[in-house]
Amino acid sequence: VRSKTHRTISCACSTMAEGEEPSVRLGRYVGRKSDHSCPGDHVTWEIVLAEGGQCTIECRSELSPSKGGTQAWHVEGTWEEDDDEVVVSITKEDPLGGPRSDRDVTLQVDDDVLTFKGAKCQWTSPPPDPFLEAMAALSLKELKAKALSFGLDPTGCIEREEFLELMRRGKAAGALKEASPVASQPSPTSPTSPSNKVDQASAPTESPHASASPVASQGDAPPDTPEGPQEIPAGCYSLEQLTDKRTWEKLDVVSTERETYLPDGVFQQLFGMPKADFAKLPKWKKENLKKKHGLF
């Protein structure tokens with residue numbers, strides 16, 4: 001951290017030739033420092049370098065502040081490249097801690113590593129996307145409906161990550177359409193609309209199929225029907241219930257063991273093994289499998 005009065009920066013964002021990419025990789029950098037302020041104060045630093053020169057830095061400790069741990073804080077700012085450094089100017093400080101707005105934060109750059117307060121922060125993922133974060137908060141059923149509403153074909157998508165990947169590809173290709181939410185609203189009133197009555201009168205023999213066809217294409221009801229009638233044994237819940245936080249928080253389940261509440265057949269299909277074999281796996285492997293299916 002250095003004072004703005006001593007700052008001499010050659011802003012790479014403004015001096016780079018047009019079309020030249022910054023040498024610093026955009027995304028989330030995470031680092032850890034053990035015993036930061038006292039024994040047991042294991043601190044995690046998270047730095048996000050986003051497009052447009054936007055940046056956030058936050059701090060979290062495994063040790064409670066009441067026991068001497070570092071107080072969690074989150075600051076925002078703008079970043080610039082200066083040779084092998086990234087200089088962050090704080091624009092929004094946190095009263096609980098962190099760099100102040102009258103100071104610049106200098107981060108050493110080495111490939112995909114930023115050094116902050118002596119900790120090596122490794123690049124872990126691209127910058128967060130508000131749209132995808134909103135999608136990730138939806139249930140599987142809502143994700144499927146959203147995909148259809150955006151004009152995407154969710155055929156073959158079963159797991160949450162598959163739906164999110166479909167959204168990512170659609171967004172990157174500029175293929176997302178916002179027309180369907182508007183189109184879905186007239187459907188309840190369509191039976192009473194004059195035009196619909198005329199259509200039904202003109203094709204009386206096909207009206208049941210004609211009226212059912214748009215609903216099936218918009219809601220994609222047929223693929224859902226096999227899941228709906230399946231009876232769930234007492235004490236078990238569906239994958240959709242156990243991956244929707246708003247739902248499983250209201251259920252009588254252990255949050256860290258939600259996979260055990262799946263019916264045996266569903267569990268076997270998801271994980272490729274019975275529950276007894278899954279329980280014998282090492283913790284790290286179980287966590288990776290649960291993450292894959294939205295159960296971690």
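The values are calculated or read from the model by the stated rules, or taken from the named source; none is laboratory data. Only a predicted model underlies this, so the values are computations on that prediction, with no experimental measurement involved. Every residue, glycine as well, gets a Cβ built from its backbone with ideal geometry; the counts of neighbours run over all protein chains shown. SASA here: full protein model, heavy atoms, side chains in, ligands and nucleic acids out. Shrake-Rupley method; radii C 1.70, N 1.55, O 1.52, S 1.80 Å.
Tabulated values for the structure
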read-out	value
The stretch 56-77, residues that are among the polar types (S, T, N, Q) and closer than 17 Å to Trp45 by Cα	Thr56, Ser61, Ser64, Thr70, Gln71
Tally of residues being surrounded by fewer than 17 Cβ atoms within 10 Å (Cβ to Cβ) and free of Cβ contacts under 8 Å to residues at least 24 places away in the same chain across the stretch 143-154	1
Residue within the stretch 51-60 that is hydroxyl-bearing (Ser, Thr, Tyr) and surrounded by 18 or more Cβ atoms within 10 Å (Cβ to Cβ) present	yes
Subset of the stretch 268-285 [within 18 Å of Pro233 (Cα to Cα) and within 24 Å of the chain's Cα centre (by Cα)]	Leu270
Qualifying residue in the stretch 134-152 (condition: of a type outside the set (Val, Ile, Thr) and within 18 Å of Glu46 (Cβ to Cβ))	yes
Counted residues, the stretch 82-106 - those being touching a helix residue (DSSP H, G or I) at 6+ places or on another chain (Cβ under 8 Å) and either β-branched (Val, Ile, Thr) or open to solvent by less than 10 Å² (accessible area, probe 1.4 Å) (or both)	1
Count of residues meeting criterion [part of a helix (DSSP H, G or I) and within 14 Å of His293 (Cα to Cα)] in the stretch 236-260	11
Complete set of residues in the stretch 99-118 that are over 15 Å from Glu85 (Cα atoms) and at pLDDT below 90	Ser101, Asp102, Arg103
Residue in the stretch 267-275 that is within 16 Å of Glu159 (Cα to Cα), open to solvent by less than 70 Å² (accessible area, probe 1.4 Å), part of a loop (DSSP other than H, G, I, E, B) and touching a residue at least 60 places away in the same chain (Cβ under 8 Å) present	no
Enumeration of residues in the stretch 157-201 that are modelled with pLDDT under 85 and in a loop (DSSP other than H, G, I, E, B)	Ala173, Gly174, Ala175, Leu176, Lys177, Glu178, Gln185, Pro186, Ser187, Pro188, Thr189, Ser193
Pick from the stretch 12-66, criterion outside any loop (DSSP other than H, G, I, E, B) and among the β-branched types (Val, Ile, Thr), ranking: modelled with the lowest pLDDT	Thr15
Checking Ser139 against (1) within 29 Å of Trp79 (Cβ to Cβ); (2) open to solvent by less than 40 Å² (accessible area, probe 1.4 Å), the condition it does not meet	(1)
Residue match in the stretch 115-124 (condition: surrounded by fewer than 16 Cβ atoms within 10 Å (Cβ to Cβ) and under 30 Å from Thr247 (Cβ atoms))	yes
